[in-house]
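Everything on this sheet refers to the single structure shown next.
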Amino acid sequence: MADEEAHSATAAKPLLAAVGLTKRFGGVTALRGVDLSLFPGEVHALLGANGAGKSTLVKILAGVEQPDAGEVRIAGGSTYFATPHAALAAGLATVHQELSLFPSLSVAENILIGREPRRLGLWIDRRTMRRRGAELLKSLGAADIDLDTPVGELPLAQAQLVEIAKALSAEPLVLILDEPTSALSIAEVERLIAVTERLRAQGRAIIFISHRLGEIERIADRVSILRSGEKVGKFEPGAFRRDRALQLMLGENWQEARPPERCVQERQAAPSILTVENLTLPRHFSAVSLDLAPGEVLGLAGLEGQGQKEVLFALFGLFRRGLEGKIEIAGRRLHPRSPHQAIAAGLAFIPDDRKSLGGFLGLSVTQNIVIAALDLVRSGPLLSPVAESALVEELIHRLDIRCASADVPLGSLSGGNQQKVVVAKWLTRRAPVYIFCDPTRGVDAGARAGLFAVIRELAAAGSGVLFYSTDISEFPALCDRVLVFREGRIVGTLAGAAVTEPTILDLFFREPGPGAPVGARHKKEWGDQPGSGAEHVEHHE
Amino acid sequence: MNKSRRVLDKHAGSLSCALGLVVIIGLYALRQPLILSPFGIASLANVSVALALAAVGQTAVLLVAGLDLSIGAEITLVNCFAATTMSAGAFGIAWVVAASLLIGLAMGFLNGVVVAYGRVEPLIATFCTSFIFAGAALIILPRPGGSIPDGFAGALTGSWGPLPFSLVLLAGVVALVWLPVFTSRLGRYIVAVGDDASSARLSGLPLQRVELASYMLAGFFAAVAALFLAAETTSGDPSIGGIYTLNSLAAAVLGGVALTGGRGTVLGPILGSFVLSIILNALGVFNVSAFWQDFIEGLVLMVVLGLGGLRVLRADSWLALLRQ
């Protein structure tokens, strides 16, 4: 609306206009009445914290999700895209954050998938296909990528370039770039910027999402800021201001002080309970070192997808190979190759995805809680129902789990209470180290406060806690210390009162510019990459 | 990985099957030299071709990360239909052949609709339809019988010097149907969908139609296999197809097709079928008791299907294993 006013003087008609887009997932509104106009020859950047709705907006424009209300107007028609195919046919191509590539197919086959040149309308014309693939890669300055290599064998940075070439091959009117530069080197980013300049000169339009403010300052004409699913501000060409943008992204949290009532625990003189030195997993994170003291809650902060989750996965033994570095728990070396080993060494893991990783939805609350403690509730070789229910009743009371009875299936509980049951499972015995990996995903505010109280209690009783969340505001509320991650590396540490949302973001966004892509030599299939699979529906909270 | 290594990796299934084939025929010939005569070659080809056709059909479905447990029952139904309806004379043969192929496509269509549009797991869906097809076969032909005109039987099972007609049939169907599909856009889509379904959706590929097409291809090849079996036995049998379900799966895996979809060649499953058929055939020739044959056959299949698990063991993270 306001966008259109601004351009009414130039009388340009928008290539694409999203009007009043609203999207709900269950009870959560991911997008609320968002308008966006895109004019020929402009680069329009979207900026927002995790969960602001950027990815949902992109998914609606790409036809992956359908809006509950609102419409997308393109070339006069008003509609929304029922499938990704419809969006492509209308001239919108998307470079997806999680990459939409086929690991077994070659580079050339990937670039032109769905648009294969054919002979007599029947057989695929391999020669033309290779020629066009080579041209597209050359325009991106990536002529060195071998056209016949299966994409699964490429390092992530090259795969990202293939994904971009694939989108360009559709010759789109509107190109959506969802964090296209996250794995690219500085030189590769420069080539990408040159390509956007060329598309702009041809009168095409680009939607650009990046967490790198420097890139946005360089290439964006206009910038829209999203927060909690709403468009909270925008900058006209030349008017972008970094501090104002961060303020809009954070809203009322800006300048918010650390809750004063929380006492900041001094790091104890006791020896570390967990020591990690130079932990590296090619393509996910590198040279991660940390110390965890008993009684400490240590946060792994930064925006989503910077390798924090993978560090926690690696500690818990979810990666079977490729892990380098040293891990010590209470002075004993650990080489985690399976969760079984990690648990035996004293780790407890509370995951974000209760359904597939932590809980048995069809089993009762009791069965879930005692599953890791069956030796505690035995009488002789048999399980003792009396001992079971004594243990379970105590934990239900302690964690304030709301359920009709301990015999109802886990799946019938609310999300927050399900999460508490998963936590209760690990409370049946005291672990030296607890790992909370985005435990509040899909959990309401009340349950979250309860969960935080439990975490503090665990720390107070002498366990060390590693904590990761996609919601940055949770770190100041909970952590004694945070490590800020960017692109697989620790870029800074904050402790005590210095842990605030602005300081975390400030550390994160501070420029040394794009880092070198992590472990660029490792081969991997995208489907195997935990934490970035397409099945993860992000940004809904 | 360099280029030659990559080509080798892709064709590892075919190459090992080709080697295995030479070794097995060599061992066979030591015991029974007649096997290298034109008659011997024709008989080896004849025991292998039906499985090869079924394996090609199974491959079309495996490539799209599906599974067809109804292939054996599809073969049975078409076989019984042909044996009860075919009459001598060009017209009597031609309409039954055409109708048989249509029945094959229709059965594949049913499988494809249930899997692609009904979102039923392929394992369950095709297991259920296999009972429908096998049941229909029993209604048409409750016990072995029916007849096949000599003209049709001779046209498929004779030989031309050392070249058996059955091999010509196999080569013809593969060259005229499977190869063009495999090298066309449809074939590329089949591989792509099996490789990564979510990427396929994001790339705008017609996911459900591709799945449907792959099951229809399986039905088509099953029908061809059934016609060949009818010609070979000159009669129909409501239990003839049973063994082809599991054997086609094993032959495809032996030939390098991944059970997880997206990987496989045209030649691999065909060579795999020859290896498997000749091993199973040799058990009979070498006087292995019929009681032991099932035992050994099961063992061989388990080893072959276990080969598919080796790939899974290479996965880097436990999460990837959980999702498979």
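The values are calculated or read from the model by the stated rules, or taken from the named source; none is laboratory data. As the structure is a computational prediction, the values presented were derived from the model and not from experiment. Don't worry about glycine lacking a Cβ; one is built from the backbone with ideal geometry, like all the others, and counts go over all protein chains shown. Calculation scope for accessible area: heavy atoms of the full protein, side chains included, ligands and nucleic acids excluded. Shrake-Rupley method; radii C 1.70, N 1.55, O 1.52, S 1.80 Å.
Only one residue in A:SER100, A:SER169 is under 19 Å from B:SER199 (Cβ atoms) and touching an Asp or Glu at 6+ places or on another chain (Cβ under 9 Å), so which one is that?
A:SER100
For (1) within 14 Å of chain B (Cβ to nearest Cβ); (2) surrounded by 19 or more Cβ atoms within 10 Å (Cβ to Cβ); (3) not in a strand (DSSP E or B), each residue gets a yes or a no:
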| position | (1), (2), (3) |
| --- | --- |
| A:ASP144 | no, no, yes |
| A:ALA165 | yes, yes, yes |
| A:LEU177 | no, yes, no |
| A:GLU190 | no, no, yes |
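Identify the single condition in (1) open to solvent by less than 40 Å² (accessible area, probe 1.4 Å); (2) part of a strand (DSSP E or B); (3) under 30 Å from A:ARG244 (Cβ atoms) that A:ARG32 does not satisfy, given that it satisfies every other one.
(1) is the only condition that A:ARG32 fails.
So, in the stretch A:91-141, how many residues would count as being crowded, with 19+ Cβ neighbours inside 10 Å, more than 10 Å from chain B (Cβ to nearest Cβ) and of a type in the set (Gly, Ala, Ser)?
Residues flagged as crowded, with 19+ Cβ neighbours inside 10 Å, more than 10 Å from chain B (Cβ to nearest Cβ) and of a type in the set (Gly, Ala, Ser) within the stretch A:91-141 amount to 2.
Mind listing just one residue for me: the one in the stretch A:204-236 that is over 21 Å from A:VAL189 (Cα atoms) and outside any strand (DSSP E or B) and, of those, most open to solvent (accessible area, probe 1.4 Å)?
For the stretch A:204-236, the residue satisfying everything is A:SER228.
If you take the residues in the stretch B:245-276 that are assigned to a loop (DSSP other than H, G, I, E, B) and not aliphatic (A, V, I, L, M), which one is modelled with the lowest pLDDT?
So, considering only residues that are assigned to a loop (DSSP other than H, G, I, E, B) and not aliphatic (A, V, I, L, M), the one modelled with the lowest pLDDT is B:THR260.
Would you check which residues across the stretch B:124-163 are in a helix (DSSP H, G or I) and small (Gly, Ala, Ser) and list them? Steps first, answer last, please.
The first filter runs over the stretch B:124-163 and keeps only residues in a helix (DSSP H, G or I), leaving B:124-140, B:150-157.
Of everything in the stretch B:124-163, those that are in a helix (DSSP H, G or I) and small (Gly, Ala, Ser) turn out to be B:ALA125, B:SER130, B:ALA134, B:GLY135, B:ALA136, B:ALA137, B:GLY151, B:ALA153, B:GLY154, B:ALA155.
Against the conditions (1) at pLDDT 90 or above; (2) buried (at least 16 other Cβ atoms within 10 Å of the Cβ), where does A:GLY152 fall short? Just the number, please.
(1)
Here is a check on your reading of the model: is A:LEU303 closer than 23 Å to A:ILE490 by Cα and either in a helix (DSSP H, G or I) or in the same structural domain as A:ALA49 (by TED's automatic domain parsing) (or both)? Let's see the steps before the verdict.
Details: closer than 23 Å to A:ILE490 by Cα: yes; either in a helix (DSSP H, G or I) or in the same structural domain as A:ALA49 (by TED's automatic domain parsing) (or both): no.
Here the answer is no, as A:LEU303 does not meet what is asked.
Within the stretch A:317-333, count every residue that is touching a helix residue (DSSP H, G or I) at 6+ places or on another chain (Cβ under 7 Å) and either facing chain B (nearest Cβ under 9 Å) or at pLDDT below 90 (or both).
Looking only at that region, the number is 5.
Return the pairs, sorted by first residue and then second, in which the second residue is polar (S, T, N, Q), the first residue lies in the stretch B:283-303 and is part of a helix (DSSP H, G or I), the beta carbons are less than 8 Å apart, and the residues are 6+ apart or on different chains.
B:LEU283/B:GLN293; B:GLY284/B:GLN293; B:VAL285/B:GLN32; B:LEU301/B:ASN247
Look at B:SER166 and say whether it is part of a helix (DSSP H, G or I), more than 29 Å from A:SER106 (Cα to Cα), open to solvent by less than 10 Å² (accessible area, probe 1.4 Å) and polar (S, T, N, Q).
It is true that B:SER166 is part of a helix (DSSP H, G or I), more than 29 Å from A:SER106 (Cα to Cα), open to solvent by less than 10 Å² (accessible area, probe 1.4 Å) and polar (S, T, N, Q).
Report, by residue number, each residue of the stretch B:169-197 that is open to solvent by 30 Å² or more (accessible area, probe 1.4 Å) and away from every other protein chain (no Cβ under 14 Å).
Hits for the stretch B:169-197 are B:LEU169, B:ALA171.
Name the one entry in A:ARG456, A:ARG398, A:ARG448, A:ARG429 that is at pLDDT 85 or above and surrounded by fewer than 20 Cβ atoms within 10 Å (Cβ to Cβ).
One residue alone meets the criteria, A:ARG456.
Table: residues versus (1) part of a strand (DSSP E or B); (2) outside the structural domain of A:ASP178 (by TED's automatic domain parsing); (3) at pLDDT 90 or above; (4) within 30 Å of the chain's Cα centre (by Cα).
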{"residue": "A:ILE60", "(1), (2), (3), (4)": "no, no, yes, yes"}
{"residue": "A:GLN97", "(1), (2), (3), (4)": "no, no, no, yes"}
{"residue": "A:GLU109", "(1), (2), (3), (4)": "no, yes, yes, yes"}
{"residue": "A:GLY121", "(1), (2), (3), (4)": "no, yes, no, no"}
{"residue": "A:ARG132", "(1), (2), (3), (4)": "no, yes, yes, no"}
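Is at least one residue of the stretch B:196-206 among the aliphatic types (A, V, I, L, M), closer than 18 Å to B:ASP68 by Cβ and part of a helix (DSSP H, G or I)?
So far as the stretch B:196-206 goes, yes, one or more of its residues are among the aliphatic types (A, V, I, L, M), closer than 18 Å to B:ASP68 by Cβ and part of a helix (DSSP H, G or I).
Please specify each residue of the stretch B:198-226 satisfying the condition of being buried (at least 19 other Cβ atoms within 10 Å of the Cβ) and over 27 Å from B:TYR244 (Cβ atoms).
Scanning the stretch B:198-226 gives B:SER199, B:ALA200, B:ARG201, B:LEU202, B:SER203, B:GLY204, B:LEU205, B:LEU207.
Which condition number does A:ILE472 fail, the rest of (1) part of a loop (DSSP other than H, G, I, E, B); (2) modelled with pLDDT under 80 being met?
(2)
Restricting the search to the stretch A:62-87, which residues are open to solvent by less than 50 Å² (accessible area, probe 1.4 Å) and outside any loop (DSSP other than H, G, I, E, B)?
A:ALA69, A:GLY70, A:VAL72, A:ILE74, A:GLY77, A:PRO84, A:ALA86, A:ALA87
Going by the structure shown, is B:GLY92 in a helix (DSSP H, G or I), of a type in the set (Gly, Ala, Ser) and under 27 Å from B:VAL210 (Cα atoms)?
In short, no.
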